[in-house]
1. With a 10 Å radius around each residue's Cβ, average the other Cβ atoms per peptide and rank 25-33, 254-262, 37-45, highest first.
2. For Cα pairs less than 8 Å apart in space and 6+ apart in sequence, what is the mean separation divided by the residue count of the stretch 297-337, i.e. the relative contact order in percent?
3. Compute the FRET efficiency between residue 312 and residue 278 as 1/(1 + (r/R0)^6), taking r as their Cβ-Cβ distance and R0 = 22 Å, and round to the nearest 0.05.
4. Relative contact order (percent) for the chain, with alpha-carbon contacts under 8 angstrom and 6 or more residues of separation?
5. Rounded to the nearest 0.05, what FRET efficiency do residue 12 and residue 131 give with R0 = 51 Å and r taken as the Cβ-Cβ distance? Could you check?
6. For the stretch 347-416 and the stretch 101-175, what is the separation of their C-alpha centers, rounded to whole Å?
7. Which distance in nm do the two modelled labels at residue 19 and residue 411 give, with both placed 7 Å along the Cα-to-Cβ direction?
8. Under a point spin-label approximation (7 Å from Cα along Cα-to-Cβ), what is the residue 368-residue 139 distance to one decimal in nm?
């Protein structure tokens, strides 16, 4: 079967929502228009493992317009929007994703897109690449290149490259400024708080909020939470990032210290066990915790279960864990990406740039020869073009250097 989705009857609803998101993705729309005319991806087979959302759907349709044979599976079981999956199948994009699918289905779907013999992989978290390398290594030789969308995936890929096991070149789309600065910072900052608000309906003003990790996502979260009136604590293991947080006016302390006093905890590190037994043991009654890092290992659910004497769902995406001493702790979205599990993920206007980077990177890869296995950066000209198009769609003009300024900057004999 060329697809596996929950309900094909949802296609009409999904199509309308995809169109709505597309109205807020003018950069990708511009690229799609050009792709339709030029067909730069003719003959390319793309296997994509991404969050199956309205924004991703617009990327898939742009790649298809460019001539690519595209197949999509989910990069997270709780982020799939079933109506979007149905609409994509209806539009001729083989899609393998069902919201809430179990672990076996998740990996069966990854293998389904790999069965289509892709020449380019497009990943969000590196699960597709991992399965390909572990279970289907002979197929790697037939893959020209790939791209990776998220910080966690880039970390995994760099380690694979360091261990000399990465078998083809993969572009770290996550690391280009128009993705990292906007998607990770403004997108994560807004969508994570949106997910927690929808799940809990808490008032942020006056809350004491802990942000575990001060990377780009953590920076966005801390700024947005403060903007809503919360008091913000940052926990870090990197001295430079911790210093930056302190200089931005946030309190910085170890997680064990913060666990004793805070109301809400949000992990965004890409590492495991950010919240674990020692923290649960000292948390206040009513503490809420959520994760917005890619995998559901940042909150140690095994430790939480070991301390739990009873539990019950109290709202959609909220489970109350009662401990032996009567304290109640609240886990959101099963510890998975709260912004996608309990909300709709990043705003389309942010994903416009991220997916424009993905589309142009795919086009660039098709034109390359001689690339060697490893993690590559997005070419600067792609990042500049995405930024230029975004400014253009926003009606913003910027200055250009005069000939005299260009000459001055290019000379080592600069003076007053």
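Taken together, the values in this text are just the output of simple stated rules run on the coordinates, not laboratory data. Here the structure is a predicted model, which is why all the values come from computation and not from measurement. Cβ atoms come from the backbone with ideal geometry, glycine included; neighbour counts cover every protein chain shown.
1. Order by mean packing, descending: 25-33, 254-262, 37-45.
2. That works out to 33 percent.
3. The computed FRET efficiency comes out at 0.35.
4. Numbers: 876 pairs, mean separation 68.6, N = 416.
About 16 percent, as a whole number.
5. Calculated transfer efficiency: 0.95.
6. 26
7. 5.9
8. The answer from the label model is 2.2 nm.
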